[in-house]
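The values are calculated or read from the model by the stated rules, or taken from the named source; none is laboratory data. Small disclaimer: the values here were computed from a predicted structure and weren't measured. So basically every Cβ, Gly included, is an ideal-geometry build from the backbone, and we count neighbours across all protein chains shown. These area figures cover heavy atoms from the full protein model, side chains too; ligands, DNA and RNA do not enter into them. Shrake-Rupley method; radii C 1.70, N 1.55, O 1.52, S 1.80 Å.
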Amino acid sequence: MSNNINLRKGLNVPLAGAAVQTVKKVLKPGVVAIRPTDFRNLTPKLLVKEGDKVLVGSPVLADKMSQNILFTSPVSGVVTEVVRGEKRKLLAVLIKADDVQEYVDFGVRNVDELDAEAVKAALLESGLWPAFVQRPYGVIANPEVAPKAIYVSAFATAPLAADVEFALKGEAENIQTAVKAIAKLTEGGVHVSFNGKVKSQFAGLEGIVAHSFTGKHPAGNVGVQINNIKPINKGDVVWTISMQMLAAIGKLFNTGRYDVSRKVAICGPMAINPCYIQAVPGFSMKDIQEFYGNAAEEIRFVSGDALSGANIGAEGSLRFQDNQITLLQEGNDYEAFGWAKPFRFNQFSSSHTYFHWMLGWLTPEKKYDLDTNLHGGERAFVVSDVYGKVLPMSIFPIYLAKACLAGDIDKMEKFGIYEVLEEDLALCEYVCPSKIDIQAIIAKGIDTMIKEMA
Amino acid sequence: MNVRNIVDKIKPTFEKGGKLGFLHSTFDAFETFMFVPNTVTKKGSHLRDCVDIKRVMIIMVIALVPAFLFGIWNTGYQHSVAFNMNWTFLQMVWYGLLKIVPLYLVTYIVGLGIEFTVAQIRGHEVNEGYLVTGFILPLIVPVDVPLWMLAIATAFAVIFAKEVFGGTGMNIWNPALIARAFLFFSYPSKMSGDQIWIGGLNRYAEQGTAWATTGGHVIDGFSGATPLANPEGYSALQMFLGNIPGAVGETSVIAILLGAALLLFTGVASWKIMLSSVAGGLLIGWLGHIGGATELPAYYQLIMGGFLFGSVFMATDPVTAAQTEVGKWIYGFLVGALAVIVRLWNPGYAEGMMLAILLMNTFAPIIDHCVIECTLKAKARKYNKVA
């Protein structure tokens, strides 16, 4: 494409354990969890009680703040448990799936005949509305506010991320339906960003504004793409949605069913035979034991990618928005004189103080069994130019982080808090020699903004 | 992993509630020195790059080693020349060691002592930053500096230039330069003049002997002046090689360039600052030359005195330098330019590098502020045009 945007900054972390592009298993759901903690700043209202029978698409939770936003069950079965934590905080609703899945019928609809209100109502009622993530802040989109535009990333660059082209093969028709539907919700159009190096099966989508990006991670992050297409200013609201959720929206209109099942990449250095499985969000890690064996206590289970995913633990479940489970080794061992060795062949560093960047010329395909060790102690900010090298956005990451730490709203605004989510700065955190938890700092900043600007 | 077993065995003694719990930070410093700790990521990215501040700092120290080694030899060589001793290489190195090892003992014992104590009081981990500061400091002082002065200067710098701000990463000025500035203004007689740059000259002037017993004699008409005070006394080649009087580590351009090569190769120091500083020095040196302020061609400004050492090792300190990329160009350029301006137009000070860097350390945050404001304004303009 002629107007390709090439992002020169970034880093592909060479993590071993990429998923082979075959679907090895269609997971028959056991106990599925619906977790309000998958969504930022959500106060849930429970709509079911233990023992209730639900169908695929039956409402389970609602958003207390705007109660027309529903969260529906991905399986049909019986509510077995409502898990609560401290101060009775709702952590999860567990649903035991039936052998035969029954669906709520939302009715097949022709999107060409629907207006914006009808599309909105259909998405709210079916439980697909939470697929819209609002920027700024990364919260569920507010149905009352029309976004300036809707952005979609049609490729992923995160370590071992599920390949969009493979995971959504054959879904072009559904995605086309979804694009037609959601285009009615905004004046600014549906912006889809493609990988400039791949001929996408979705390139022919009608009614989109197509963009093309090339570059290393985080070029595939929608936040980075927005920043390079049209930065978000104060007062702007845009929405983002993933390709797989577009497919689900398409299926809703084309089949009348709430179907969020997806191909999930089971990957990472600890994954046995990394591959794809077909599963619904909320499936339990216990259901995929064949992919990690009996060493669960030495494994970190991550829903999402290794840089920005969530540590869900051996009892955890796939988050609503994710299509990747990364299995990492817990790095709780000591390494004698690690920092002083001239070479560390089993570790990876993008820093030129080790010489991996030269090894990279010799063995560009080498992958590393990276573990979760911090590789050092936490320090103050010392080195100043490391973040900029991996962040292809026109913001000031160190100054933003400092503003977040100080809780200074004016400065956060100035330095770009509206444009970022944690995932966009995950690489900064990865490369940081001072081992500063940038993502936690940004999250704190976003929380402050939500509280103060509400 | 026998050592590991021993460490694990004694570790509880140093933990909270243990007998030696008050030495926790000290124990931790030595433990993490030997072993990369077993901490795993708790928040955010599950994977982390294996680079840490220890690695960055050790590269910095290694980059200083050529200048350090050359300084040891040159100290002996200068003494040998001044007193007409005709020493062998080993004798020169031995004399150099006798002179320079005590400097290192003083800076590290005093500096690390304070660092460890402060870390202990605050309950922090000991920061690695002082390894570099303590390594640089003896290289930028005259070899004959009295040890007690060095001790006071070190203590002053570590406490008032670093710890009061919160330790490494929070300081405004380069601590090693603050120590040198402290010496320079407190004890000017020991920090400037022609007598101080060669080991033994001071003692000879006061007591008539350079050595405790044997004592040589300074050769007639010998001047210990550095090229800054006496540029005709040395050829450009000598300045480049470094067998001239001067502060311990600053004389050899070759040794400094070796260090610079490592810093640039590993990306530890900013090439933008180094390059722009050299450019600034050359420009002002050239203007001074054609304007008649000096007869020396511009490149002399680079190879004389502490200019290159300062540009490569001290102006590039990432904590005290400008942090924005555009800011680095401005900062570096002004460091180089100011250093040469002081040299050429201020008869009071022969050398301007120390003051130039400290001054620009002070202004670095303002440079960054201006750069950011301009960038944001340009961004807003662009946005409004699109919208």
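Would the stretch B:216-349 count as rounded, prolate or oblate if I go by the C-alpha gyration tensor, calling it rounded below 1.5 in a/c and otherwise prolate when a/b exceeds b/c, oblate otherwise? Walk me through the numbers before you get to the answer.
Numbers: a/c = 2.35, a/b = 1.45, b/c = 1.62.
Note, shape of the stretch B:216-349 comes out oblate.
Per 0.36 nm of contour for each residue apart, how much would the distance between A:ALA440 and A:GLU86 grow if the chain were fully extended, relative to their Cα-Cα spacing?
Numbers: separation 354, 0.36 × 354 = 127.44 nm, distance 2.12 nm.
Difference between extended and current length: 125.3 nm.
Cα convex hull of the stretch A:144-202: mean projected area in nm², to one decimal? All intermediate terms of the calculation are to be shown ahead of the outcome.
Details: hull surface 19.9 nm².
The directionally averaged projection comes out at 5.0 nm².
Would you give the gap between the C-alpha center of the stretch A:112-153 and the C-alpha center of the stretch B:278-319, rounded to a whole Å?
61
Mind listing which GluC sites (Glu not before Pro) in the stretch A:162-221 are in a DSSP loop and have 12 or fewer other Cβ atoms within 10 Å? Please list the in-between numbers first.
Working: sites: A:GLU165, A:GLU171, A:GLU173, A:GLU187, A:GLU206; in loops: A:GLU171, A:GLU187, A:GLU206.
Here the GluC sites (Glu not before Pro) that fit, given the DSSP loop and packing criteria, are A:GLU187, A:GLU206.
With angles folded into 0 to 90 degrees, how steeply does helix A:438-453 sit against the dominant principal axis of chain A? Use alpha carbons for both and round to 10.
Its long axis makes an angle of about 50 degrees.
For the stretch A:8-65, what does the alpha-carbon gyration tensor say about shape, rounded, prolate or oblate, given a ≥ b ≥ c as the root eigenvalues, a/c under 1.5 as rounded, and a/b over b/c as prolate? Working shown, then result.
On the way: a/c = 3.98, a/b = 1.58, b/c = 2.52.
Oblate.
Using the structure shown, select from A:LYS120/A:LYS286; A:LYS402/B:LYS43; A:LYS197/B:LYS42; A:LYS444/B:LYS272 the pairs with a Cα to Cα distance greater than 26 angstrom. Kindly include the intermediate steps, with their values, before the conclusion.
Values: A:LYS120/A:LYS286 36 Å; A:LYS402/B:LYS43 18 Å; A:LYS197/B:LYS42 35 Å; A:LYS444/B:LYS272 34 Å.
As for pairs spanning more than 26 Å Cα to Cα, those are A:LYS120/A:LYS286; A:LYS197/B:LYS42; A:LYS444/B:LYS272.
If the cut-off is 27 Å between C-alpha atoms, which lysines fall inside it for B:LYS190, apart from same-chain ones fewer than 8 positions away?
B:LYS99, B:LYS162
Could you tell me whether chain B comes out rounded, prolate or oblate from its Cα gyration tensor? Rule is a ≥ b ≥ c as square roots of the eigenvalues, rounded for a/c under 1.5, then prolate if a/b exceeds b/c, otherwise oblate.
Values: a/c = 2.13, a/b = 1.17, b/c = 1.82.
Here chain B falls in the oblate category.
From the alpha carbon gyration tensor of the stretch B:311-387, can you work out the equivalent ellipsoid semi-axes (sqrt of 5 times each eigenvalue) and give them in Å, largest to smallest? List each step's numbers first, then the result.
Working: eigenvalues 207, 30, 14 Å².
So the equivalent ellipsoid measures 32, 12, 8 Å along its semi-axes.
Greater than 22 Å separation of Cα atoms is the criterion. Which listed pairs, A:LYS49/A:LYS96; A:LYS148/A:LYS414; A:LYS234/A:LYS411, meet it? Don't skip to the end; give the middle numbers.
Working: A:LYS49/A:LYS96 13 Å; A:LYS148/A:LYS414 20 Å; A:LYS234/A:LYS411 12 Å.
Those over the limit do not exist; all pairs fall within it.
At a Förster distance of 30 Å, what's the computed FRET efficiency of B:SER235 paired with B:PHE265, Cβ-Cβ distance as r, to 0.05?
Working: r = 30 Å, r/R0 = 1.00.
The computed FRET efficiency comes out at 0.50.
Assign unit charges at the C-beta atoms only (+1 for Lys and Arg, -1 for Asp and Glu), then state the dipole size of the stretch A:374-453 relative to its Cα centre in Debye, rounded to the nearest 20. Before the final figure, lay out each step's value.
Details: 8 positive and 13 negative charges, 54 e Å.
Once rounded to the nearest 20, the dipole reads 260 debye.
How much of the accessible area of chain A, probe 1.4 Å, is carbon plus sulfur, in whole percent?
Numbers: 9190 of 18020 Å².
Solvent-exposed carbon and sulfur of chain A make up 51 percent of the total.
Over the stretch A:241-329, what is the relative contact order in whole percent, taking alpha-carbon pairs under 8 Å and six or more residues apart?
Working: 161 pairs, mean separation 27.1, N = 89.
Over the stretch A:241-329, the number comes to 30 percent.
Explain nothing, just the number: relative contact order of the stretch A:5-255, from Cα pairs under 8 Å at least 6 residues apart, as a whole percent.
Values: 491 pairs, mean separation 57.6, N = 251.
23 percent.
Separation of the stretch B:324-350 and the stretch A:1-36 by C-alpha centroid, Å?
Each part reduced to its Cα centre gives a spacing of 51 Å.
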